[in-house]
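Heads up: the structure comes next, in structure tokens.
The values are calculated or read from the model by the stated rules, or taken from the named source; none is laboratory data. Computed from a predicted structure; not experimentally measured. Neighbour counts run over all protein chains shown; Cβ positions are idealised from the backbone, glycine included. Side chains included, ligands, DNA and RNA excluded: accessible areas come from the protein's heavy atoms. Shrake-Rupley method; radii C 1.70, N 1.55, O 1.52, S 1.80 Å.
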Amino acid sequence: MTVLLSLRGLHKAYRGDAAPFALDVPAFDLAEGEALALAGPSGSGKSTLLMMLALATPPDAAEEFTFAGQDITRHWRAGRRDALAELRARCIGVVPQTGGLLPFLTVEGNIALTQRIADRPDAARVRALADELGIRAQLGKRPAALSVGQRQRVSIARALAHRPSLVLADEPTASVHPELADAVLALLKRECAAAGAALLVATHDPDRAARAGYPVLVCETHAPGADGIARSVFARAPLAEAA
Amino acid sequence: MLRLALADLWHERVLFLCSALGCAAVLAPLIVLFGLRQGVVAGLRAELLEDPRAREIVSVVNRTLEPALFERLAADPRIAFVVPRTRALSATIVLENPERQGNGIRVELLPTAQDDPVLPGLSVLDQDELVLSATALQRLGLSVGDRVMASVARSRGREREVLTLPMRVGGVAPLAAAARDAAFATVPVLLLAEDFLDGTAPADARPASEAEARRRPFAGFRLHAARLEDVPALDREFRLAGIEVASRAEAVAGLLRLDRNLALLFVAIAGAGGAGYLVSLGVGLWAQVERKRRDLALLSLLGLKRRALLAMPLIQAAAVALAGAALAFGIAAAVATVLNRAFAGTVTGDRPVCLLNAFMAAGAAGVTLAGALVASLLAGLRAAAVAPAEGLAEG
Ligand SMILES: Nc1ncnc2c1ncn2[C@@H]1O[C@H](COP(=O)(O)OP(=O)(O)OP(=O)(O)O)[C@@H](O)[C@H]1O
Ligand SMILES: [Mg+2]
């Protein structure tokens with residue numbers, strides 16, 4: 001098993017006056033093609049962690065942050081935003097909570113968007129994904145003309161269209177009704193497995209994730225102590241030790 | 001990126017049209033105003049320019065002006081043409097058609113030289129040629145190329161002597177050059193007539209060469225300024241030097257003042273209007289970028305590089321600006337047509353009161369484009385700075 005993502009001693013804090021928050025990840029590894037659900041109550045920092053893994057926000061500190069063989073901490077420190085954008089474009093697919101589709105593009109255009117940004121056009125894959133996800137008939141429509149569940153599926157197709165090695169989904173089931181939620185989680189897992197992409201799903205519902213066949217990493221939360229800082233810890237036994 | 005930006009514009013085409021219309025609504029009156037200024041001034045200027053007399057300055061009192069003065073005048077870059085003249089009294093001559101002896105007429109004898117602005121198209125005049133006014137030509141029954149006898153008479157005691165020069169009609173002077181019966185001749189011919197009347201030349205004398213003639217002092221001159229703008233200054237300089245001159249300096253100065261005042265008025269209105277225009281354009285585009293912030297954040301999250309991200313608002317702003325400028329120019333052109341029809345033949349003769357040209361269109365488009373790009377670049381930089389973290393959770 002090859003390690004795709006490896007974090008050691010990562011720390012991130014929001015120091016607001018009202019509710020200071022700190023996130024710690026002592027150790028966290030993800031293998032290529034592996035699926036995992038991150039669970040925790042609201043405000044536990046799931047989105048914050050995903051945002052860092054999406055290379056969209058820098059950690060405050062990290063002993064190690066490697067992704068796809070690249071030293072992310074170094075990129076952040078050197079301010080190489082274009083290198084990070086390039087990495088996002090080629091290796092990461094995201095499924096935002098409510099789909100995050102561009103209203104001015106057709107469904108087909110939205111799915112092909114990641115291919116265009118990564119410069120890997122592949123119309124056959126767009127159609128194949130659309131078939132797979134049951135949105136073939138919607139390809140010519142605008143997102144506004146789709147149901148919420150259909151939008152979520154377009155978003156999944158977009159996250160996979162450019163063959164990323166990691167797919168990040170933040171509460172992909174929050175805006176769909178429970179029946180659909182199970183289907184979306186299952187779809188995500190199946191498609192990522194088919195594409196060979198690793199998958200991280202943030203959810204506040206560990207049971208549902210477990211039912212859908214995901215291994216679940218539950219976040220350890222510590223209520224504000226004497227310093228008034230709420231702490232969250234995401235810890236996962238390093239792959240090397242587990243193996 | 002271009003396709004993405006244009007797809008967005010097309011998707012929101014009503015909004016795009018509104019922005020472009022808003023842009024055009026402020027820009028069109030400015031273009032019309034500018035066109036009016038151009039038209040009125042250009043019309044008056046053309047009216048003055050059409051008349052070669054407008055740039056003319058003539059000395060009116062007989063003096064003794066040395067050749068050095070004429071050399072200086074000829075070397076002055078502000079003076080396009082200068083010709084000396086003899087004393088006004090001596091400057092008449094009797095012309096006769098050799099075929100109709102005894103029917104001579106007395107005409108004014110005026111000096112001319114090569115490239116006289118008053119006689120356009122008659123660049124070279126030989127010493128034995130005369131350019132006649134149309135009336136004189138008609139009364140003599142002559143046409144261009146015909147022979148004509150020119151004579152000057154003097155009395156010596158009781159004796160009457162006549163200097164007769166056989167000449168040819170070299171051309172017809174336009175009405176603007178001479179209203180009365182007149183004949184234009186080279187300077188040596190005028191000089192000979194004067195010398196003969198003064199008694200310093202015999203009756204069988206012939207004109208000297210041009211170079212020889214120019215070595216003598218003259219009583220006055222006629223000159224034409226190179227540009228209309230030079231007339232008032234030259235007029236003033238001659239008066240200060242004690243040379244009485246007549247010119248249209250007043251009219252020219254009036255036109256220049258009008259030009260300046262209109263320019264000032266325009267700058268004031270355009271300054272206020274233009275500043276307001278750029279602000280409204282900038283604010284509109286800024287708002288547009290703010291509205292697009294979510295989309296920009298998402299695109300950034302999907303891995304679009306900063307430069308490409310910035311290109312999107314810039315392309316859209318450029319599209320709005322160009323569409324707005326084109327629309328504004330279209331509206332202005334329509335207004336100009338109406339104005340020109342309404343004011344036909346009043347303010348500026350048959351010339352258009354409102355003058356628009358491609359240069360102005362390019363200028364309007366350029367200013368608009370520059371303003372739009374600056375505004376959206378600033379807004380875009382701001383938007384690009386917050387991306388991409390906004391893209392995931394809310395998207
Ligand atoms: N940009 C920010 N500035 C300051 N504090 C922030 C910011 N983003 C998140 N936080 C704080 O960090 C903590 C974790 O937020 P985060 O969004 O990561 O939680 P979450 O686990 O995703 O919650 P939910 O399940 O409700 O989505 C919260 O206390 C939040 O107030
Ligand atoms: Mg969240």
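For the range A:25-61, a decrease in accessible area of 30 Å² or greater in the assembled protein chains relative to the isolated chain, with a 1.4 Å probe, applies to A:Met51, A:Ala56.
What the Cα atoms of the range B:37-165 give is an Rg and a Dmax of 18.6, 67 Å. Taken residue by residue and averaged, Cβ atoms of other chains lying within 10 Å of the Cβ of A:98-111 number 4. Loop-resident trypsin sites (Lys or Arg not before Pro) (DSSP state other than H, G, I, E or B) in the range A:143-243 with no more than 10 further Cβ atoms inside 10 Å of their Cβ are absent. Ignoring any ligand, DNA or RNA, what whole percent of the accessible area of chain A comes from carbon and sulfur when the probe is 1.4 angstrom? Accessible surface attributable to carbon and sulfur in chain A totals 51 percent. From most to least packed by mean Cβ count within 10 Å, the peptides B:195-201, B:163-169, B:269-275 give B:163-169, B:195-201, B:269-275. Return a whole-number percent for the relative contact order of chain A, with Cα pairs under 8 Å and 6 or more residues apart as the contact set. For chain A, the relative contact order is 30 percent.
Extension gain, B:Ala74-B:Ala246: 0.36 nm per intervening residue step, less the Cα-Cα distance, totals 60.0 nm. Chains A and B together bury roughly 2400 Å² of accessible surface, counting both sides and using a 1.4 Å probe on protein heavy atoms. Residues of the range B:274-320 whose accessible area, computed with a 1.4 Å probe over protein heavy atoms, drops by at least 20 Å² once all protein chains are present relative to their chain alone are B:Asp295, B:Leu298, B:Leu299, B:Leu301, B:Leu302, B:Gly303, B:Leu304, B:Lys305, B:Arg306. Does the range A:1-99 come out rounded, prolate or oblate by the C-alpha gyration tensor, with a ≥ b ≥ c the root eigenvalues, rounded set by a/c under 1.5 and, if not, prolate when a/b is larger than b/c and oblate if not? Here the range A:1-99 falls in the rounded category. Partners of B:Lys305 within straight-line reach, counting aspartates and glutamates whose Cα lies under 15 Å from its Cα and excluding those fewer than 8 residues away in the same chain: A:Asp82, A:Glu86, A:Asp119, B:Asp295.
Partner shielding of A:161-168 amounts to 1, given as the average count of beta-carbon atoms from other chains within 10 Å of each residue beta-carbon. Stokes-Einstein diffusion coefficient for the range B:154-251 at 4 °C in a medium of 1.567 mPa s, Rh from the Kirkwood formula over Cα pairs: what value in µm²/s? In µm²/s, the coefficient rounds to 77.
With a 1.4 Å probe and every protein chain left in place, tell me how much accessible area A:Lys141 has, in Å² to the nearest 10. Approximately 80 Å² of A:Lys141 is accessible to the 1.4 Å probe. The accessible area of B:Arg37, taken with all protein chains in place and a 1.4 Å probe, comes to roughly 50 Å².
Eigen-decomposition of the gyration tensor built on the alpha-carbon atoms of the range B:1-107 gives equivalent ellipsoid semi-axes of 66, 21, 14 angstrom, largest listed first. Over 29 Å apart at the Cα level, from the set A:Lys46/A:Lys141; A:Lys141/B:Lys292; A:Lys12/A:Lys141, are A:Lys46/A:Lys141; A:Lys12/A:Lys141. Per residue, the accessible area of the range B:56-248 comes to 49 Å² when a 1.4 Å probe rolls over the protein heavy atoms. For the range A:77-96, a drop of 40 Å² or more in accessible area on going from the chain alone to the assembled protein chains (1.4 Å probe) is found at A:Arg81, A:Asp82, A:Arg88, A:Val94, A:Pro96.
The value for the range A:3-242 of Rg(Cα) / (2.2 N^0.38 Å) is 1.01. Taking max minus min of the alpha-carbon positions on each principal axis, chain B gives extents of 122, 41, 31 Å, largest first. Taking the square roots of five times each eigenvalue of the Cα gyration tensor of the range B:56-248, the equivalent ellipsoid has semi-axes of 29, 20, 14 Å, listed largest first. Surface composition of chain B: carbon plus sulfur atoms hold 61% of the accessible area, using a 1.4 angstrom probe and ignoring ligands, DNA and RNA.
Taking only Cα atoms, what is the 0 to 90° angle, nearest 10, from helix B:249-291's long axis to the longest principal axis of chain B? Helix B:249-291 sits at roughly 10 degrees to that axis. Solvent exposure of the range A:3-242 amounts to 40 Å² per residue of accessible area, where only protein heavy atoms count and the probe is 1.4 Å.
In degrees from 0 to 90, rounded to the nearest 10, what is the angle of the helix A:148-161 Cα long axis to the longest principal axis of chain A? Between the helix axis and the principal axis of chain A, the angle is about 80 degrees.
Distance distribution note for the range A:101-150: the fraction of Cα pairs above 18 angstrom is 25%.
With semi-axes defined as the square roots of five times the eigenvalues of the C-alpha gyration tensor, the equivalent ellipsoid of the protein assembly as shown measures 95, 24, 20 Å, largest first. Over chain B, dividing the summed -39,500 (n - 2.57) contributions of all DSSP H runs of at least 4 residues by the number of residues returns a 222 nm mean residue ellipticity of -18000 deg cm²/dmol. How big, in percent, is the set of alpha carbon pairs in the range A:160-231 lying more than 20 Å apart? When every Cα pair of the range A:160-231 is considered, 39 percent fall beyond 20 Å.
Computed packing ranks the peptides A:21-27, B:131-137 as B:131-137, A:21-27, most packed first, by mean other Cβ atoms within 10 Å. Report summary: the helix-based calculation at 222 nm, which adds -39500 (n - 2.57) for every DSSP H run with n ≥ 4 and divides by the residues of chain A, gives -10500 deg cm²/dmol. Could you give the angle, 0 to 90 degrees to the nearest 10, between helix B:187-198's Cα long axis and the longest principal axis of the Cα atoms of chain B? The angle comes out at about 40 degrees.
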